[in-house]
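Please read the structure below before turning to the comments.
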Amino acid sequence: MALNTQETKQSRRKSYQDNYNKTKRIAGRRKVSKWDRYCQEAAERAVSAGRKRAYTNSIAHKHQNSDPERTLYIHGEEEEAWNACIQLRQKLIAEFPEDWVQKYVTLMRAEIDRLREEAEAFKDADEIHDFRGSSLHKFRRLIACHHQEIEFSLQGLYAYERAEEDNAFIFGGRRVHKPLFRKLYGF
């Protein structure tokens with residue numbers, strides 16, 4: 001009899017913990033604020049109801065906090081790159097409506113390679129050390145922006161619309177997911 005009540009208590013506790021984890025811990029098993037949980041649940045409800053389509057955004061940090069290391073200089077550089085990406089995307093869609101994605105991805109990968117070479121040259125150079133960290137951060141952010149462009153273009157134009165609704169663009173100030181970035185690009 002005592003064994004049965006112990007099993008019952010364990011099953012109730014397990015049920016409570018599962019329910020708690022479903023409601024309080026959204027992603028990654030960390031507790032989130034009520035507002036973040038509400039936003040996440042609203043987004044999930046919209047996806048399940050068919051009003052929105054899900055998209056992946058692996059390179060951006062999951063929390064919506066803006067990047068505290070992002071300076072006005074970096075903001076200006078990102079804005080120029082963002083405008084160039086938009087113009088290029090629109091031009092390719094107009095010229096190659098069927099296979100614009102492959103051409104766009106190829107150009108974005110070439111730009112990432114160019115930025116990586118610049119970052120490596122900057123790391124190896126004996127320049128002013130005060131600005132080294134912020135400049136490497138600039139390269140990290142620009143590379144992540146172009147990586148995000150590749151990721152969204154492969155998912156379709158709806159990913160851009162959804163990311164804009166979620167304020168998920170690195171170009172817009174969202175933080176870079178540094179562990180994944182280091183794994184992919186090495187710095």
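Every number here is computed from the coordinates shown, using simple stated rules; none is lab data. Note that this is a predicted model, so its numbers are computed, not measured. Ideal geometry is used to build each Cβ from the backbone, glycine not excepted, and the neighbour counts take in all protein chains shown.
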Fill in the blank from the handout: Which of 55, 160, 38 fluctuates most in a GNM of the chain (C-alpha springs under 10 Å)? That residue is 38
Practice task
Would you mind telling me which residue in 34, 138, 62 has the biggest mean-square fluctuation in a Gaussian network model of the chain, where springs connect alpha carbons within a distance under 10 angstrom?
Solution key: 34
Problem - Descending semi-axes in Å of segment 144-187, equivalent ellipsoid built from Cα gyration tensor - result: 20, 12, 7
Fill in the blank from the handout: In this structure, among 62/183; 138/183; 14/34; 14/178; 34/178; 34/183, pairs with alpha-carbon gaps over 29 Å are 14/178; 34/183
Exercise for the section: Starting from the Cα gyration tensor of the chain, multiply each eigenvalue by 5, take the square root, and state the resulting semi-axes largest first in whole Å. Expected result: 39, 23, 14
Completion exercise
Comparing 40, 17, 102 in a Gaussian network model of the chain (Cα, 10 Å), the one with the largest mean-square fluctuation is 17
Exercise for the section: Using packing as a proxy for protection, rank 4-16, 111-123 so that the peptide with the highest average count of other Cβ atoms within 10 Å comes first. Expected result: 111-123, 4-16
